[in-house]
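The values are calculated or read from the model by the stated rules, or taken from the named source; none is laboratory data. Quick caveat: nothing in here was measured; it's all calculated off a predicted structure. Cβ coordinates were reconstructed from backbone atoms using ideal geometry, including for glycine residues, and neighbour counts include every protein chain displayed.
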Amino acid sequence: MKKSRQGNREAAGEGGLGVWLIGARGGLATTLVAGVELILRNKTSRCGLVTETPAFAPLKLRPLGRLVFGGHEVRKGSLFESAMEIHRDNGTIPYEGLLEIREALDAADTRIREGTVMNCGDAIRNLAGKKIRAKHRSLAEIVKAITADLEEFRRSTGVDRVVVVNLASTEPPLNLEPAHKTPTGLQRLIKNDVRAAMRASGLYAWAAIRLGMPFLNFTPSNACLTPGHVKLAMKKGVPVMGNDGKTGETLVKSALAPMFKYRNFRVLTWQGYNILGDRDGQILSDPRNRRSKIKSKDGLLSHILGYPLNTHVSIEYAPSLSDLKTAWDFVHFQGFLDYKMSLQFTWQGCDAILAAPIVLDMVRLADHAQRRGEAGLMTQLACFFKSPLGVDEHDLHFQFHHLMAYLDT
Ligand SMILES: NC(=O)c1ccc[n+]([C@@H]2O[C@H](COP(=O)([O-])OP(=O)(O)OC[C@H]3O[C@@H](n4cnc5c(N)ncnc54)[C@H](O)[C@@H]3O)[C@@H](O)[C@H]2O)c1
């Protein structure tokens, strides 16, 4: 029998799950779309996907072949070009595979729409094409355009649900005011065009939640899912979760720090030095954008250990590393007789390879949560986030058990 050029992809439409990626041609989004296409053609295993482990089988989550991708982007180019760039710089997407999935990438490209860089700061603005930078629209007009894109995606693909994921560049932090605490406050900010109080990510989330689409914030951008957004999600019956995917150094920290606690060792100092290249690194080299990331990476140790300690997190841009992020952590701790000892580790992880599968996991679990009629924060997904909203527990082991317990409910 002749093998379909679509691999094992089943027809979209009924039974299809739309996945709308904000930052659709970024390193992570491209790796994710390419990864699914390669898996469907049996070119690679499902390694890294938590939802492919036996514990999740009874949930009957949406098969990967039912996912249909689209999204917003602000840079010019194509998904295929992004995938070629990734192949050239990191070698994670194999060249032969790339040629085989080109048609599928091109098809997904036709579903990518122009996004907004409203109040995202200069580092992100400078990524965008001239046309996008020159555009002046009110907040209400931007929301209307995002809404129209999402509706058109749902209608034209015939999918029965759309999950929206923020994979866009990290924005500078936003000072949250009382207006961000309620849906009516947010609505007022949008209606009165208070541009300084909103950022692009918050407008995407607002539009998605109002349309009843589950929303995941994989970035540390705090303007995205404000308390007002979460309350709107509760009201509209929409599952949401954030912030900032836990994939590298912070994942290791959240697994290791509990060990010191279990043995009553006192951690005195935990210093983490991160170097990374690629576009994410470039954006994070702007001190304003970096502040969002450092805040998200630094908070969990004192939470896990239960006392304040000397910590430091630095993130430096080293272009030649591309997506191969390197972290060196030094942990100084004391034990019996107050004797001081140390642990050091070096982590070299490819960011997109670590992140793409857990984004897919969360998309499938968000779809499942909405099918079960759940709304508001999906705290069961805490183990996937550096700063899980609504969760004080940062110990990876407890977070994972929470997810396992959820599967039994
Ligand atoms: N391991 C990981 O990869 C990891 C872990 C945690 C968080 N994150 C976060 O995920 C995000 C994506 O990471 P990446 O490595 O793919 O970065 P990237 O720079 O390769 O991709 C980001 C994409 O978003 C686009 N973009 C920026 N602002 C936009 C906007 N307002 N609307 C639409 N598109 C916009 C950019 O043009 C770019 O294509 C970053 O915020 C990063 O901090 C990644």
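In the range 73-105, which residue that is assigned to a helix (DSSP H, G or I) and among the charged types (D, E, K, R) is surrounded by the fewest Cβ atoms within 10 Å (Cβ to Cβ)? Give the steps one after another, and end with the answer.
Within the range 73-105, the first condition is being assigned to a helix (DSSP H, G or I), and the residues that meet it are 79-90, 95-105.
Within this subset, residues satisfying the condition of being among the charged types (D, E, K, R) are 81, 85, 88-89, 96, 100, 102-103.
Numbers: GLU81: 14, GLU85: 18, ARG88: 11, ASP89: 17, GLU96: 7, GLU100: 16, ARG102: 16, GLU103: 13.
Checked the range 73-105; the qualifying residue surrounded by the fewest Cβ atoms within 10 Å (Cβ to Cβ) is GLU96.
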Could you check, for the range 32-39, whether at least one of its residues is away from the ligand (no atom under 12 Å from the Cβ), assigned to a loop (DSSP other than H, G, I, E, B) and at negative phi? no
Taking the options LEU324, LEU354, name whichever one is within 16 Å of the ligand (Cβ to nearest atom), more than 23 Å from MET259 (Cβ to Cβ) and within 20 Å of the chain's Cα centre (by Cα). LEU324
Expected single match for under 29 Å from ASN222 (Cβ atoms) and modelled with pLDDT under 95 among LYS144, LYS131 is LYS131
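Do we have GLU152 as in contact (Cβ under 8 Å) with a residue 40 or more places away in the chain and either more than 27 Å from GLU37 (Cα to Cα) or outside the structural domain of LYS293 (by TED's automatic domain parsing) (or both) here?
Details: in contact (Cβ under 8 Å) with a residue 40 or more places away in the chain: no; either more than 27 Å from GLU37 (Cα to Cα) or outside the structural domain of LYS293 (by TED's automatic domain parsing) (or both): yes.
No; evaluated as a whole, the condition is false for this residue.
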Could you pull out the residue among SER221, SER296, SER254 that is at pLDDT below 95 and buried (at least 17 other Cβ atoms within 10 Å of the Cβ)? SER296
Residue within the range 87-101 that is among the acidic types (Asp, Glu) and more than 16 Å from the ligand (Cβ to nearest atom) present: yes
Picking from GLY27, GLY23, which residue would you name as being crowded, with 24+ Cβ neighbours inside 10 Å, modelled with pLDDT of 95 or more, in contact with a His (Cβ under 9 Å, 6 or more places away or on another chain) and not hydrophobic (A, V, I, L, M, F, W, C)? GLY23
